[in-house]
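Below you'll find the structure, written out as structure tokens, and then a few comments.
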Amino acid sequence: MEVRHQVVVVGAGLAGLRAALAAGQAADVAVVSKLYPVRSHSVAAQGGINAAIDERDSLESHAYDTIKGSDYLADQDAVELMCEDAPRVVYEMEHWGTLFSRTPEGRIAQRSFGGQEFPRACYAADKTGRALFQTLFERSLKAGVRVYDEWVVLSLAVADGAVRGLVALDLKTGELHTVAARAVVMATGGLGLMYQRTTNPYSATGDGTAIAYRAGARLKDMEFVQFHPTSLVGTNVLITEGARGEGGILLNARGERFMERYAPRLKDVAPRDIISRAIETEINEGRGLPGGYVHLDIRPLGLDLIRHRLSEIYDFCRTFAGIDPSRELIPVQPAQHYMMGGISTDNEGATSLPGLFAAGEGACVSVHGSNRLGANSLLECLCFGRRAGQAAAAFAARAGEEAFPAAALEEQRERLAAIRKRRQGEHHGVVRRELRGVMTDKVGTFRTGEDLAAAAAELARLQERYRSVALMDTGAVFNADLAAYLELGNSLDLAQAVVACALERQESRGAHARRDFPQRDDQRWLKHLLCRYSLRGPVLEEAPVRITRFTPKERTY
Amino acid sequence: MDEISFRIFRFDPSRDAEARYQLYRIRPEPGLTVLSALVNLREEQDGSLAFRASCRSGICGSDAMLINGRARLACKTQVAEAAGDGTVTLEPLRGFPVLKDLVVDQSDFWEKLVRVKPWLIPGPEPAPERERLMRLPAQQFDELSRASDCIFCACCYAECPMEGRHRAYLGPAALVKAYRFEADPRDAGSAERRGALDHPDGVWRCHHVFRCTEACPKEIDAAWAIQQLQRRLAARHLRLKGDA
Ligand SMILES: Cc1cc2nc3c(=O)[nH]c(=O)nc-3n(C[C@H](O)[C@H](O)[C@H](O)COP(=O)(O)OP(=O)(O)OC[C@H]3O[C@@H](n4cnc5c(N)ncnc54)[C@H](O)[C@@H]3O)c2cc1C
Ligand code: FES
């Protein structure tokens, strides 16, 4: 099938749908998504969305907390823009129907979140992502947004240095389709599946980010991977920071509230990078529980609050750990959670590749710098998703109608034919498991040059093996084996980018903690690393950090 | 735990003339969910096994299937609990065309959802600059919040006896969605939704068997929500009769 739209959005999560709704105001737009929209991971977001809507709060304070949280690596003009837009975003979603939790006065309720001086996370119990996403989904149904669902995008079509559309695999039939477009918005979310321990879903393989990277777009801030302090031991599903925002505390094996030692002021609601490292330190120094975890205590909050404001958490604990958190301690450990880095964009979502725009977790404007604050990601998706959609529509209005380069389709056809023909070789599942192991062991919360170099060498070997892996299933209909094989290629390319940047950055900043370079070094490293794809591996470049009015200083909590 | 059997419905329309069941043996670790077992099976034993999954935490609604005959989410079902006599039987959701193995075509489900106009239809008064105030008694807010918990997994459709007999029936999830807006004080769309709801294949098809409520993995009382819609419509009919 060949279809044509002025703008095509890849991804139907919060960022993608918001981009599509915005672009649809001025252009003919369609969405391509490998999942049915409501299966997107945005629905899993729990805790909240930040906006300074209380009279006692201020945009400046939101911006300052975000920039300080980023360890001064965020681009300050972008942060200010996002924080200014935040109240509009939240009110718009409320007007469209989002069911936020309310204060007794009937206003939108807000709670404390890590690294913030004011309780500014607007929430809908502990299902904020679902509440926001459903509203957007409903709007997209109302607006009749065209969605090609269960199409896995494989590549961008590029000609004369500009994007002309994309090639996708239809899971239901196994056919390849082309979507010609004047502008493409990538919004394919996170990449956590490259880690063994992650809060991310099976679908988080960074597809769009890898596809854009291979097509020539620059990636940014790839060394900064966020580890959430509190994932449930076992399945690593997330226990929201909101649990601590409501008053939950962390305890080590001796029952000590250890965060008092690491962040005397904010304690259990310090930023994520700090708490994750504190937990790992407790465990490494023998104060963790056997098997490597600590406890989260939310018992004092009482059953009533837990069942109403932390209802999902209550359910998770019972379903996945068989415990009642109103009476028992929750076993938690850090796990990969979020990717700060992604396709490098400007404040309008434009990338280094003409016609390609990006938004959401797979993009990097750099509003999070080296460490994202909780509840800023949903905000980023809605704020920059809209801007990217608008900019893509404006770009499409200026661009002409160009032919779709046939070679783009041919290339994917050959690639699929080759892998389907291969009868012998190890299964790609083995390579995936090793990749996830390497990333968890060597590219985690604490890093060293030695580990990273070993990881780089290991990844090069895994790439080599990937070239000769085989499938178990060569069928056409719903071939999940083939999809997983394609996704693994994306994970591998991005893992190499993460490791190359992490090895390069010889300092500790935010989520990137090098034991061999424990200090932050503004002199040398107050800058972004950009990453360009080459067949020989990632090529690194540098870009300045944009500073407006917040001078970098030491980060204490 | 000892080895147990997974008995899985297999059907690939492009290769198979008819469906069959295939047996797999697995050795479950404590805490293993049916979904994790399926993922392991696919990665280690049989890459051709088709099922949907994403969040693995009961939030995205991808992996509804019949587990020992009952519609459930694979990610929220423990193998140890399902294994009972040593065998877990997995089949695609009842009432939907099978695309392959455990994957069904949900198009019909989505079309029904759209028919209830599942979006906020505000009244004529302009929206305030800030949020609309919303002061609902705690219990009412709770009911509304519960009704908005639907993850579109379609377990309720697979269990509903009316869905089985009347293909055109809107069904529990679509009606719960309608209730979620009808009960929202910010919504004024009753008149626009009435055509779909006040119809033999709308709310009146429900005969309160409560199978939807039992099946819902998010513990939404779907049957109760449908009853609320019936009451509202019945009250309106009585009012209209009274006026006439
Ligand atoms: C458990 C959890 C809780 C969180 N809680 C919070 C919170 O409380 N507050 C907050 O601000 N942030 C939170 N986050 C982060 C936030 O939810 C995510 O960063 C955000 O939702 C990402 O949205 P997105 O639109 O970029 O991507 P997603 O919602 O992940 O959507 C990605 C989309 O891309 C599509 N896609 C992917 N690959 C392809 C391909 N190859 N072809 C076609 N389509 C493709 C998918 O189908 C999907 O529709 C949380 C994250 C997790 C994991
Ligand atoms: S995988 Fe998302 S609900 Fe089970």
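Against the conditions (1) surrounded by fewer than 24 Cβ atoms within 10 Å (Cβ to Cβ); (2) not in a loop (DSSP other than H, G, I, E, B), A:Gly165 satisfies every one except (1). Filtering A:Leu17, A:Leu73 for residues that are under 20 Å from the mean Cα position of the chain (by Cα), open to solvent by less than 10 Å² (accessible area, probe 1.4 Å) and under 26 Å from A:Leu530 (Cβ atoms) leaves a single hit, A:Leu73.
Of the numbered criteria (1) within 14 Å of chain B (Cβ to nearest Cβ); (2) more than 16 Å from ligand 2 (Cβ to nearest atom), the one A:Asp85 fails is (1).
Would you be able to tell me the number of residues in the stretch A:88-99 that are in contact with a helix residue (DSSP H, G or I) (Cβ under 9 Å, 6 or more places away or on another chain) and open to solvent by 20 Å² or more (accessible area, probe 1.4 Å)? Going through the stretch A:88-99 one residue at a time, the tally reaches 3.
Within the stretch B:57-74, restricting attention to residues that are within 16 Å of ligand 1 (Cβ to nearest atom) and either free of Cβ contacts under 8 Å to residues at least 40 places away in the same chain or more than 9 Å from chain A (Cβ to nearest Cβ) (or both), which residue is surrounded by the fewest Cβ atoms within 10 Å (Cβ to Cβ)?
B:Ser57
Each residue in the stretch A:450-483 was checked for being at pLDDT below 95, part of a helix (DSSP H, G or I) and small (Gly, Ala, Ser), and 1 pass. Do we find that A:Ala394 is surrounded by 14 or more Cβ atoms within 10 Å (Cβ to Cβ) and within 14 Å of chain B (Cβ to nearest Cβ) in this structure? So A:Ala394 does not fit the description; no.
Looking at the stretch A:182-206, which of the residues that are open to solvent by 10 Å² or more (accessible area, probe 1.4 Å), more than 9 Å from ligand 1 (Cβ to nearest atom) and part of a loop (DSSP other than H, G, I, E, B) is farthest from the other protein chains (Cβ to nearest Cβ)? It comes out as A:Arg182.
Evaluate the following for B:Arg167: is it of a type outside the set (Phe, Trp, Tyr), open to solvent by 50 Å² or more (accessible area, probe 1.4 Å), away from chain A (no Cβ under 12 Å) and outside any helix (DSSP H, G or I)? When the stated conditions are applied, B:Arg167 passes them. No other residue among A:Thr235, A:Thr173, A:Thr209 is touching a residue at least 12 places away in the same chain (Cβ under 8 Å), within 16 Å of ligand 2 (Cβ to nearest atom) and either farther than 30 Å from A:Gly286 by Cα or open to solvent by 20 Å² or more (accessible area, probe 1.4 Å) (or both) apart from A:Thr235.
The requirement of being assigned to a loop (DSSP other than H, G, I, E, B), more than 14 Å from every other protein chain (Cβ to nearest Cβ) and open to solvent by less than 60 Å² (accessible area, probe 1.4 Å) is not satisfied by A:Phe384. On the stretch given as the stretch B:88-109, residues that are within 16 Å of B:Arg70 (Cα to Cα) and more than 13 Å from chain A (Cβ to nearest Cβ) total 8.
Among the strands (runs of 3 or more DSSP E) confined to the stretch B:51-108, the ones with at least 2 residues that are away from ligand 2 (no atom under 16 Å from the Cβ) are located at B:87-91, B:98-100. Counting the residues of the stretch A:493-521 that are of a type in the set (S, T, N, Q) and open to solvent by less than 10 Å² (accessible area, probe 1.4 Å) gives 0. The condition of being open to solvent by 40 Å² or more (accessible area, probe 1.4 Å), away from ligand 2 (no atom under 16 Å from the Cβ) and small (Gly, Ala, Ser) does not hold for B:Ser48. Out of all the residues in the stretch A:471-492, is one or more of a type in the set (Ser, Thr, Tyr), out of contact with any Ser or Thr (no Cβ under 7 Å at 6 or more places or on another chain) and within 14 Å of another protein chain (Cβ to nearest Cβ)? Yes, because at least one residue in the stretch A:471-492 is of a type in the set (Ser, Thr, Tyr), out of contact with any Ser or Thr (no Cβ under 7 Å at 6 or more places or on another chain) and within 14 Å of another protein chain (Cβ to nearest Cβ). In the stretch A:34-45, is there at least one residue being within 18 Å of A:Gly165 (Cβ to Cβ) and either within 19 Å of the chain's Cα centre (by Cα) or open to solvent by 20 Å² or more (accessible area, probe 1.4 Å) (or both)? Yes, some residue in the stretch A:34-45 is within 18 Å of A:Gly165 (Cβ to Cβ) and either within 19 Å of the chain's Cα centre (by Cα) or open to solvent by 20 Å² or more (accessible area, probe 1.4 Å) (or both).
The values are calculated or read from the model by the stated rules, or taken from the named source; none is laboratory data. The model shown is predicted, which means the values in this text are computed figures rather than measured ones. When we count neighbours, we look across all protein chains shown, and the Cβ atoms used for this are built from the backbone with ideal geometry, even at glycine. Note: accessible area is taken over every heavy atom of the protein model, side chains too, but ligands, DNA and RNA are not part of it. Shrake-Rupley method; radii C 1.70, N 1.55, O 1.52, S 1.80 Å.
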